[in-house]
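One structure is given below, encoded as structure tokens.
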Amino acid sequence: MNDILVSAAWLNQNLDMPEIIILDVRLRYDPAVSQLDDLKIPGARIFDLENEFSDKNSPFPNMLPSQDQFEQSCRKLGINKSSKIVVYDHFGIYVSPRAWWMFKVMGHQNVSVLDGGFPEWKKAGYGTEKVVGLNYGTGNFKAVFNPDMVVNFEGVSDNLKTKKALVIDARSSDRFHGLVAEPRKELRRGNIPNSINIPYETVLMDGKFKSLNQLKEVFANLEREGRPLVFSCGSGVTACIVLMASEMSLKNHNKVYDGSWTEYAQVAQ
């Protein structure tokens, strides 16, 4: 299993494979307020992005955790070095690409995204189960951080001079052009100089990724340009959606600006 995407049909057929671990990616999970009708794919384990897989010491949201924190949090979920991971979310395609990218950054290549997520799973009529708190046997997952997949503020600032990479902003067109206020009230409007806008919805259709040919059309001009791509958004989540789409259709060397506009808007002078 080395495909970026897997279908609901494939996952249903392989649900009982012992080496497959399914992760239900939540931006934020609080079991104390979990609803009685909170459902998931059978056997899926909750991947709590904000509480377990983000740097709690950072002033910015959703930042990558340390290599050690990521490793320990994965081990608590029973993830092993040999695990074949499938991530999904409850919004079709939204937060699961962030988890996919994080595993890649931490050296685990055997990870895929369920195309269409939980809505596609339910639409197909496959089984579900209630979310309950479970303890898993400690896994032996080993994280090896790859800095080549991440850009920090200094890297983005340097690129304003060198222009070696092209920054792609996955926010909506209105946010990119400063026509509407940012969801985080403390942030100014605007965008990173010299960046271009590809809203993440551009690469999706009906909660799934567009076809390969359609994605190639989205990125056609960028492929001819050939520069490395740096993906940004509000806080590094939806940037990973567009990065995933580019991975399926381009051969460029791609990175994510982890702090994205939330950091840049507050730090840049």
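Throughout, read-outs are computed from the coordinates displayed, never taken from laboratory work. Fair warning: this is a prediction, and the values are worked out from it, not measured in the lab. When we count neighbours, we look across all protein chains shown, and the Cβ atoms used for this are built from the backbone with ideal geometry, even at glycine.
Listed values, structure above:
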{"item": "5 angstrom amide H check on TYR29, placed H, neighbours 5+ away", "result": "GLU50, ASN51"}
{"item": "Which of GLU182, GLU154 has the fewest Cβ neighbours within 10 Å, and the rest in rising order", "result": "GLU154, GLU182"}
{"item": "GNM result for the chain, Cα springs below 10 Å: residue of VAL180, VAL156, VAL256 fluctuating most strongly", "result": "VAL180"}
{"item": "Net +/- balance of residues flanking TYR136 in space, Cβ distance below 12 Å, scoring K and R +1, D and E -1", "result": "+3"}
{"item": "The stretch 156-170 - phi-based ³J(HN,Hα) in whole Hz, Karplus 6.51/-1.76/1.60, Gly and Pro as x", "result": "5, 5, 4, 5, 4, 8, 7, 6, 5, 10, 9, 8, 10, 9, 8"}
{"item": "Beta bridges per DSSP with both ends in the chain, % antiparallel, nearest 5", "result": "15"}
{"item": "Violating pairs (Cα-Cα greater than 30 angstrom) within the set LYS104/LYS164; LYS142/LYS163; LYS76/LYS163", "result": "LYS142/LYS163; LYS76/LYS163"}
{"item": "Cα gyration tensor shape of the stretch 141-269, rounded if a/c is under 1.5, else prolate or oblate by comparing a/b with b/c", "result": "rounded"}
{"item": "Where labels lie 7 Å past Cα in the beta-carbon direction, separation of GLN109 and ILE4 in nm", "result": "1.6"}
{"item": "Two-site label geometry, GLU217 and PHE91: point separation in nm, points 7 Å out along Cα→Cβ", "result": "2.6"}
{"item": "Per-residue ³J(HN,Hα) for the stretch 236-245, Karplus 6.51 cos²θ - 1.76 cosθ + 1.60, θ = phi - 60°, Hz, x for Gly and Pro", "result": "x, 8, 6, 4, 6, 5, 5, 4, 4, 4"}
{"item": "Proximal aspartates and glutamates relative to LYS84, as straight alpha-carbon distance under 13 Å, when same-chain residues fewer than 8 apart are discounted", "result": "ASP3, ASP16, GLU19"}
{"item": "The chain: calculated mean residue ellipticity at 222 nm from DSSP helix runs of at least 4, using -39500 (n - 2.57)", "result": "-8000 deg cm²/dmol"}
{"item": "Sequence-distant residues sharing a close amide H with LEU5 (under 5 Å, placed H)", "result": "VAL113"}
{"item": "Using a Förster distance of 35 Å, the FRET efficiency for LYS122-ASN194 (Cβ separation, nearest 0.05)", "result": "0.25"}
{"item": "Size of electric dipole in the chain: Cβ of Lys, Arg +1 and of Asp, Glu -1, about Cα centre, debye, nearest 20", "result": "400"}
{"item": "Extension gain, THR162 back to VAL267 (0.36 nm per residue minus Cα-Cα distance, nm)", "result": "35.8 nm"}
{"item": "Cut-off under 5 Å, modelled amide H: who pairs with ILE21 long-range", "result": "LYS84, ILE85, VAL86"}
{"item": "Additional length obtainable on full extension of the chain from SER82 to GLN13, 0.36 nm per residue less Cα span", "result": "22.9 nm"}
{"item": "Karplus-derived HN-Hα couplings along the stretch 188-195 (A = 6.51, B = -1.76, C = 1.60, θ = phi - 60°), whole Hz, x at Gly and Pro", "result": "6, 7, x, 8, 6, x, 6, 7"}
